[in-house]
Amino acid sequence: MTSPLRIGIAGLGTVGAAVARIVVEQGEALASRCGRPLVLAAVSSRDHAKDRGVSLEGAVWFPDLVKLARSASIDVFVELIGGEGDPARAAVSAALGRALPVVTANKALLAHHGVELALMAEEQRVSLNFEGAVAGGIPIIKALREGLAANKLARVYGILNGTCNYILTTMEASGRKFADVLAEAQRLGYAEADPTFDIGGMDTAHKLALLAAVAFGNAPALDGIHVEGIARITPHDIVFAREFGFRIKLLGVATRSDGGIELRVHPAMVPLGTPLADVDGVYNAVVAEGDLVGKSVYEGRGAGAGPTASAVISDILDIARGQQLSTFGTPAVKLKRPVIVPMGDHLGPCYLRFTVIDRPGVIAVISRCLADQAISIESMLQRSRAPGEAVPVVFITHEAREAELAKALQAIVAAGVVTEEPCMIRMERF
Ligand SMILES: NC(=O)c1ccc[n+]([C@@H]2O[C@H](COP(=O)([O-])OP(=O)(O)OC[C@H]3O[C@@H](n4cnc5c(N)ncnc54)[C@H](OP(=O)(O)O)[C@@H]3O)[C@@H](O)[C@H]2O)c1
């Protein structure tokens, strides 16, 4: 009989408790898939007394997760605490330092310290797996690292944050404002009490940094990502988008070109009829474009106890089988910081919404500021006329460079014809 894999879980919250429950309650089925019994040997969390909805009998309790990571009583350390710094970082380093394989769902930790930790794992010849960190239940890291390994990938992009997708989908269905829908999402548990990371785009940026690292074989480059959130999207934008044949989604987009890698997170107009346009609610989706496979699309639940635990367990099973791959699919010593294409060089059509006082000459001023930067207009829409009052006016540009767009917008604001900051939403050609 093969020796059991003794699992130590740090963090018994949403994901950790679900992983513990699956290991305890579905041990036999899991053992038959990896050829080896799995045992929940030890756990650590802050509150020993809290009911986790699973029997933890037989698992040794460690009040200190770093001590759990150093314990000789486990064969794999599963970090489900979260946060880029300590104690998660100290515990993962301690485990890798003593050649213990690690599974984590912690995107912040890996986006900030991924290379350092992958180097430790490689030196010790152990796995550092993170399937649960990106797009929850969608096995996208496996897909990129293993299934598409023969391809040169040119672009990876997707909807990577379920909270934002839920908010945008609900705004569209109900016609309600961002703040109302966010408050409802918080009540329903779809958004955190502090939603800054989600709605500000940083959660998507963490995931994009990891996706791009695996797709292009570079170090995660979080600080090279242009990040914008969804807080400025209005019901007007959503209605206008539909009229032009688009839906608005918060996207993470990583593109490789001869000049380097472009990394951006922002709300985007996605053409109706393309795979990402139909991804609704808390779902996530990722599209990868490879030279051999062409376009492949992956969709599923991007967060929550079950989907994330599904990903974490698959990483544990790989370790039980003795499979060991480079963390990012490329040997850690070869992970270099990529050359980042500046956002000012981004080229694409754009949706521009201005709130203007409805009076003669305003549209001419805006058109002139755009023309001064050689930005040509594809179409313009003014929904309602209310002389003397503020109304939204929308311009769709032809392909334009971001640096020129920024100058044009500055000039328009300086001309005093708008009553609030212009809203710019990039239009994608997928
Ligand atoms: N939730 C999701 O849908 C999801 C999806 C993908 C990835 N992830 C990632 O998975 C990880 C865990 O997320 P989660 O949603 O399960 O978080 P969570 O529900 O907040 O649980 C965090 C757990 O960590 C424990 N903890 C926090 N600080 C600790 C400390 N200093 N010492 C010991 N234990 C500590 C907490 O202990 P107590 O319970 O005792 O207070 C809790 O059990 C994060 O990296 C997150 O980004 C989550």
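For the reader, a short list of remarks on this structure follows.
- Candidates are the residues of the range 253-282 that are in a helix (DSSP H, G or I) and in contact with a strand residue (DSSP E or B) (Cβ under 6 Å, 6 or more places away or on another chain); the one that is surrounded by the fewest Cβ atoms within 10 Å (Cβ to Cβ) is Pro275.
- Exactly one residue out of Ile7, Ile22 is surrounded by 14 or more Cβ atoms within 10 Å (Cβ to Cβ), within 29 Å of the chain's Cα centre (by Cα) and away from the ligand (no atom under 15 Å from the Cβ): that is Ile7.
- The test for being free of Cβ contacts under 8 Å to residues at least 24 places away in the same chain, farther than 18 Å from Thr234 by Cβ and part of a loop (DSSP other than H, G, I, E, B) does not hold for Gly388.
- Test: residue in the range 288-301 that is within 14 Å of the ligand (Cβ to nearest atom), outside any loop (DSSP other than H, G, I, E, B) and either closer than 30 Å to Gly189 by Cβ or not assigned by TED's automatic domain parsing to the domain that holds Gly416 (or both): yes
- Test result for Asp64, closer than 22 Å to Leu110 by Cα, touching a Lys or Arg at 6+ places or on another chain (Cβ under 8 Å) and acidic (Asp, Glu): no
- Condition check for Leu352: touching a residue at least 24 places away in the same chain (Cβ under 8 Å) and surrounded by 15 or more Cβ atoms within 10 Å (Cβ to Cβ): yes
- As a summary of the residue check, Met171 satisfies the conditions (1) over 24 Å from Val19 (Cβ atoms); (2) free of Cβ contacts under 8 Å to residues at least 12 places away in the same chain except for the one numbered (2).
- Odd one out for Met427 among (1) without any contact (Cβ under 8 Å) to a residue 40 or more places away in the chain; (2) under 30 Å from Lys295 (Cβ atoms); (3) of a type in the set (A, V, I, L, M): (1)
- The range 31-55 - residue that is aliphatic (A, V, I, L, M) and either within 12 Å of the ligand (Cβ to nearest atom) or within 14 Å of Ser314 (Cα to Cα) (or both) and, of those, surrounded by the fewest Cβ atoms within 10 Å (Cβ to Cβ): Ala49
- Of all the listed residues (Ile316, Ile396), the sole one being among the aliphatic types (A, V, I, L, M), over 30 Å from Ala135 (Cβ atoms) and not assigned by TED's automatic domain parsing to the domain that holds Ala149 is Ile396.
- Total residues in the range 185-197 satisfying the condition of being within 20 Å of Pro235 (Cβ to Cβ) and either of a type in the set (Phe, Trp, Tyr) or in contact with a Ser or Thr (Cβ under 7 Å, 6 or more places away or on another chain) (or both): the figure is 4.
- Residue among Val181, Val134, Val156 that is modelled with pLDDT of 95 or more and either in the same structural domain as Ala69 (by TED's automatic domain parsing) or within 16 Å of the ligand (Cβ to nearest atom) (or both): Val134
- Picking from residues in the range 362-382 that are surrounded by fewer than 15 Cβ atoms within 10 Å (Cβ to Cβ) and touching a residue at least 40 places away in the same chain (Cβ under 8 Å), the one that is farthest from Glu428 (Cα to Cα) is Leu381.
- Exclusive hit being crowded, with 22+ Cβ neighbours inside 10 Å, small (Gly, Ala, Ser), touching a residue at least 24 places away in the same chain (Cβ under 8 Å) and more than 10 Å from the ligand (Cβ to nearest atom), set Ala94, Ala17, Ala59: Ala59
- Here the condition is being closer than 30 Å to Gln26 by Cα, assigned to a loop (DSSP other than H, G, I, E, B), within 25 Å of the chain's Cα centre (by Cα) and at pLDDT 95 or above; of Thr327, Thr308, it holds for Thr327 alone.
The values are calculated or read from the model by the stated rules, or taken from the named source; none is laboratory data. Worth saying up front: this structure is predicted, and the values here are computed from it rather than measured. Here the Cβ is made from the backbone with ideal geometry for all residues, glycine too, and neighbour counts use every protein chain on show.
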